[in-house]
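The values are calculated or read from the model by the stated rules, or taken from the named source; none is laboratory data. These numbers come from a predicted model, not from an experiment. Here the Cβ is made from the backbone with ideal geometry for all residues, glycine too, and neighbour counts use every protein chain on show. To get the accessible areas, we keep the full protein, side chains included, count just its heavy atoms, and leave off ligands, DNA and RNA. Shrake-Rupley method; radii C 1.70, N 1.55, O 1.52, S 1.80 Å.
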Amino acid sequence: MNIIGRLTRDAEVHTTPQEKKVVNFSVAINDSYRNKQGERIEQTSYFDCSYWISPNVAKILLKGALVELTGRVSTRAWTATNGELRSSLNFHTSTIKLHGGSKKIEHPQAIVKQENTKIIIEEPVDDLPF
C-alpha cells in the first residue's frame, strides 16, 4: 500500500528490549469529498508509522515534511487508563520517499529506500535535459 501525507512530529528512534532500533513517526493524510447536499467535507486520517530498516532515516523525517510511504497497514486496539476502548492505524513502512515541503529539510525530494539493509538518499539532479 502507498500513502502520501505530512509528518505530524519529528521522527523518534526507540530501542526494543531485544536491542533492535525502530523509527516511529506519525503521518496525517487529508482527503475531501462532497456529500449529497453538495457540501465539501474535509477528513484527516492519522497513521502511526514504524520503520525498522535503519535508524539514520530519523534525521530527515521532520515535522511538516511531505512523505510517500510504501508498506502495510495494521490496526491496534487497546483499553485506555480511563476504561475507554481506543484504536489506531499503524503503517509498517518499507520504503520512504521524501518530497520536501518543510523549511528544515536539507534534502529536497530525497528518496530513502532499502538496499541490502542500507539507506540510500538520492539527491535530485539540477541538470535537467529540457
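Structure notes:
- Volume of the Cα convex hull of the stretch 1-106, divided per residue and given in Å³: 147
- Each part gets one Cα centre, and for the stretch 78-99 versus the stretch 30-44 those centres are 24 Å apart.
- Once all protein chains are placed together, E12 keeps about 90 Å² accessible to a 1.4 angstrom probe.
- Exposure of R40 as accessible area (Å², to 10), given a probe of 1.4 Å and all protein chains: 130
- Extension gain for the segment R9 to T70, taken as residue separation times 0.36 nm less the Cα-Cα distance, is 20.1 nm to one decimal.
- At R0 = 30 Å, FRET efficiency that the Cβ-Cβ distance of K63 and D31 yields, to 0.05: 0.90
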